[in-house]
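Worksheet: one structure, shown below.
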Amino acid sequence: MTKTDVLVPTSPENAAAAFGDGAGITVLAGGTIVMPDIKLGRRRPQRTLYLGRAGLDGSYRIGAATPVAVLVDEAPEPLATFAARVGDREIRGQATIGGNLCAPPAETVSRGDLQAPLLALDARVRSVGVGGERTDSIDDFLEAGSDGRLVLELLVDEPRRAAAAAVGRPHAHGFTILAIAAAETASGIRVAVAGAGPRAVRAPSVEQALAAGASPGEAAQKALDDIDPQDDAVASAHYRRQVLPAVVTRALDNLS
Ligand SMILES: Cc1cc2nc3c(=O)[nH]c(=O)nc-3n(C[C@H](O)[C@H](O)[C@H](O)COP(=O)(O)OP(=O)(O)OC[C@H]3O[C@@H](n4cnc5c(N)ncnc54)[C@H](O)[C@@H]3O)c2cc1C
């Protein structure tokens with residue numbers, strides 16, 4: 001294993017300064033993805049920025065290094081329910097919301113499950129990096145990707161109503177097959193899907209159908225207009241296509 005300098009900032013400002021433009025920096029939060037990558041030689045960080053002491057844990061203004069386990073008790077729905085489904089107790093204690101948001105796509109499974117409730121909640125993402133500090137909508141942040149950004153915090157408002165539904169997994173180390181987050185925010189009902197591809201996506205056709213007065217079952221049929229499920233190690237694209245409308249219906253039924 002090659003040596004790496006480990007930077008341990010003790011405030012968000014120090015973390016931002018240490019990150020700079022992100023060149024040559026590997027951000028280490030909970031490390032549940034990064035540490036196995038290093039051990040297996042998939043990453044060879046020159047400098048590692050550890051966020052565990054950076055004062056980036058907190059809630060509602062959710063600090064990027066907030067453990068997923070904390071979200072289970074303290075986050076608004078549907079984020080809390082999604083957090084409760086990440087891995088097992090040990091993973092949830094170590095994994096952070098920032099690491100989940102920025103989880104790079106894996107070849108064999110879907111991860112970054114919390115992106116779906118963050119999309120449904122219309123979260124904002126405050127980050128620093130090239131060009132300085134900025135706050136993006138979650139949609140814009142996920143579209144642009146997290147390369148060169150250090151996420152400082154997520155900003156979420158309590159929704160009027162929220163719901164979640166998912167295809168059950170055989171055990172806690174099984175990754176997500178499909179999970180749906182729905183929330184009524186100030187801008188209307190937002191619906192997002194995790195597990196269908198490398199990152200979570202919204203289902204705008206479902207949202208538009210609901211706004212036009214469609215029933216949950218009718219609106220859910222539109223999910224396949226937006227989402228093209230993919231194959232991975234836990235489920236086939238065919239299976240996901242078959243069950244997606246039913247799981248979306250279940251989430252929307254839970255919303256009413
Ligand atoms: C057994 C097991 C089960 C798992 N089950 C699930 C599951 O059910 N659902 C799921 O979604 N994931 C799952 N994962 C994947 C992973 O644990 C989670 O996605 C976790 O939330 C990642 O967070 P972390 O803090 O550990 O990230 P890290 O490993 O520290 O980092 C992950 C990535 O994000 C970057 N990063 C971290 N923090 C920031 C930041 N603040 N700003 C910018 N970039 C940052 C890192 O550089 C790295 O690229 C599982 C992993 C294991 C090992």
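Each reported figure results from applying straightforward, stated rules to the coordinates on display, with no laboratory input. Computed from a predicted structure; not experimentally measured. In this analysis, Cβ positions are derived from the backbone assuming ideal geometry, glycine residues included, and neighbour counts consider all displayed protein chains.
Region 164-184 to region 108-128: how many Å between their Cα centroids?
Going from one Cα centre to the other spans 14 Å.
For region 131-256, take the alpha-carbon Rg, divide it by the Kirkwood Rh, and send me Rg/Rh.
0.99
Nearest 5 percent is fine: what portion of the DSSP beta bridges confined to region 14-158 is antiparallel?
Roughly 80 percent of the beta bridges in region 14-158 run antiparallel, per DSSP.
Dividing the alpha-carbon radius of gyration of region 1-143 by 2.2 N^0.38 Å (N being the number of residues), what value is obtained? Walk me through the numbers before you get to the answer.
Details: Rg = 14.8 Å, N = 143, 2.2 N^0.38 = 14.5 Å.
In units of the 2.2 N^0.38 Å rule of thumb, it is 1.02.
Does region 93-199 come out rounded, prolate or oblate, given a ≥ b ≥ c as the square roots of the eigenvalues of its C-alpha gyration tensor, rounded meaning a/c under 1.5 and, failing that, prolate meaning a/b above b/c?
On the way: a/c = 2.04, a/b = 1.18, b/c = 1.72.
The shape class here is oblate.
Checking the a/c ratio against 1.5 first, then a/b against b/c, what shape does the Cα gyration tensor give for region 6-87?
oblate
Quick one: what are the phi-derived ³J(HN,Hα) couplings along region 112-124, Karplus 6.51/-1.76/1.60 with θ = phi - 60°, whole Hz, x for glycine and proline?
x, 4, 6, 4, 5, x, 5, 5, 5, 7, 6, 5, 10
Can you work out the FRET efficiency for the pair E218 and H238, with r the C-beta to C-beta distance and R0 = 25 Å, to the nearest 0.05?
0.60
Which value results when the Cα radius of gyration for the chain is divided by 2.2 N^0.38 Å?
Compactness ratio reported: 0.99.
Quick check: convex hull over the Cα atoms of region 14-53, volume per residue in Å³, rounded to an integer?
60 Å³
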